[in-house]
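Engineer: Submitted below is the structure of interest, expressed as structure tokens.
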Amino acid sequence: MIDDISVTDLEIGLYKRNATLLGFGFLLLVSFVDRTHSSPPQKPAPGNVPEGMYTIVGEASHRCIEVPNNSCASGMGLQIFTCDATQASNNQKFIVKSDGAGYYTISPAHSDLCLEISSDKIGDRVPIVQTECVAGKESQKWAMSQYGVNLEIRDVGTNRCLDILRKGKGDFAPIYMQTCADGPNQRWRLQKTTVNVEQGVVCRESADHPARECAGMNDQQKEIHLGKTLTKAKCEEACRVNKMVSCKWEGSK
């Protein structure tokens, strides 16, 4: 009966119960913090984009992603710029290749390097640069799933989205990775294209654009072989330097 229980016994019982509840609540809090801060980011879903060569056009800006100044240098970042309607330049063209597991590598067509998440972080933004391709490297893997007219481009490692700095729409706005927010500045359209070996810059020989034989005819009507060049423009330059009266490049259509 209640009369047989002292006040002290009741106080001790309440104290023990409250201590138990407090301890249990603390464990729940620690478990929650551990799950939210220690768990690795969820990987994006595998993609469904066909392999090929594309221009990548901003849904909001209507401008193309490019490697500035046709740079062949490893470590060069990306920007948006007015799309080249003539398709003469190659620095706005990207080769998309599947890794066989649902993800992709993205290579600037002119340089044959790979787009990669930079190790340098600027605030909450992470730059994207072109670097030497390394098979299986996670920072060079991308996820793209086309379910409508546009898509997001996510990096596999952190599941962030390709984004235009400060939602820029003008030329020279830089490209970074940021937390996905489903905004038009993070949506892109892929448009099929082909490499231009007549006028466009090509940095080095590859399976996608091999070097071709270049020859010229001198003033004595003798054909002179001038070696191999990657573009018709480079062949014509070699012909001018060697004072050929005519020029022929094996890769010409």
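The values are calculated or read from the model by the stated rules, or taken from the named source; none is laboratory data. Keep in mind the model is a prediction, meaning the values are calculated, not measured. Backbone-built Cβ (ideal geometry, glycine too); neighbour counts: all protein chains shown.
Engineer: Evaluate the following for residue 13: is it over 24 Å from residue 166 (Cα atoms), at pLDDT 80 or above, surrounded by 10 or more Cβ atoms within 10 Å (Cβ to Cβ) and not assigned by TED's automatic domain parsing to the domain that holds residue 164?
Structural biologist: no
The rows are residues; the columns are (1) modelled with pLDDT of 95 or more; (2) assigned by TED's automatic domain parsing to the domain that holds residue 183; (3) in contact with a helix residue (DSSP H, G or I) (Cβ under 6 Å, 6 or more places away or on another chain); (4) surrounded by fewer than 20 Cβ atoms within 10 Å (Cβ to Cβ).
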site: 80; (1), (2), (3), (4): yes, yes, no, no
site: 88; (1), (2), (3), (4): no, yes, no, yes
site: 99; (1), (2), (3), (4): no, yes, no, yes
site: 106; (1), (2), (3), (4): yes, yes, no, no
site: 112; (1), (2), (3), (4): no, yes, no, no
site: 136; (1), (2), (3), (4): no, yes, no, yes
site: 146; (1), (2), (3), (4): no, yes, no, yes
site: 149; (1), (2), (3), (4): no, yes, no, yes
site: 153; (1), (2), (3), (4): yes, yes, no, no
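Engineer: Sticking with this one: Could you check residue 178 against (1) assigned by TED's automatic domain parsing to the domain that holds residue 122; (2) modelled with pLDDT under 95; (3) out of contact with any strand residue (DSSP E or B) (no Cβ under 6 Å at 6 or more places or on another chain) and say which number it fails?
Structural biologist: Just one mismatch for residue 178, condition (3).
Engineer: Against the condition in a loop (DSSP other than H, G, I, E, B) and modelled with pLDDT of 90 or more, how does residue 213 come out, does it pass?
Structural biologist: Details: in a loop (DSSP other than H, G, I, E, B): no; modelled with pLDDT of 90 or more: yes.
In short, no.
Engineer: Let me ask something else about it. Give the residue, chosen from 159, 185, that is surrounded by 15 or more Cβ atoms within 10 Å (Cβ to Cβ), under 13 Å from residue 57 (Cα atoms) and assigned by TED's automatic domain parsing to the domain that holds residue 75.
Structural biologist: Result of the check over 159, 185: 185.
Engineer: Among residues belonging to segment 220-232 that are surrounded by 18 or more Cβ atoms within 10 Å (Cβ to Cβ) and not hydroxyl-bearing (Ser, Thr, Tyr), point out the one that is farthest from residue 93 (Cα to Cα).
Structural biologist: Kept after step one, since they are surrounded by 18 or more Cβ atoms within 10 Å (Cβ to Cβ), are these residues of segment 220-232: 226, 229-232.
Narrowing further to those that are not hydroxyl-bearing (Ser, Thr, Tyr): 226, 230, 232.
Values: 226: 29, 230: 17, 232: 18 Å.
Once the filter is applied, the top-ranked residue is 226.
Engineer: Which of the residues belonging to segment 173-182 are out of contact with any helix residue (DSSP H, G or I) (no Cβ under 8 Å at 6 or more places or on another chain) and surrounded by fewer than 17 Cβ atoms within 10 Å (Cβ to Cβ)?
Structural biologist: Those that are out of contact with any helix residue (DSSP H, G or I) (no Cβ under 8 Å at 6 or more places or on another chain) and surrounded by fewer than 17 Cβ atoms within 10 Å (Cβ to Cβ): 179, 181, 182.
Engineer: Kindly indicate whether residue 217 is of a type in the set (A, V, I, L, M), surrounded by 15 or more Cβ atoms within 10 Å (Cβ to Cβ) and not assigned by TED's automatic domain parsing to the domain that holds residue 118.
Structural biologist: Numbers: of a type in the set (A, V, I, L, M): yes; surrounded by 15 or more Cβ atoms within 10 Å (Cβ to Cβ): yes; not assigned by TED's automatic domain parsing to the domain that holds residue 118: yes.
When the stated conditions are applied, residue 217 passes them.
Engineer: Can you tell me which of 173, 207 is in contact with a strand residue (DSSP E or B) (Cβ under 6 Å, 6 or more places away or on another chain), of a type in the set (Gly, Ala, Ser) and either closer than 19 Å to residue 115 by Cα or not assigned by TED's automatic domain parsing to the domain that holds residue 105 (or both)?
Structural biologist: Just a single option satisfies the conditions, and that option is 173.
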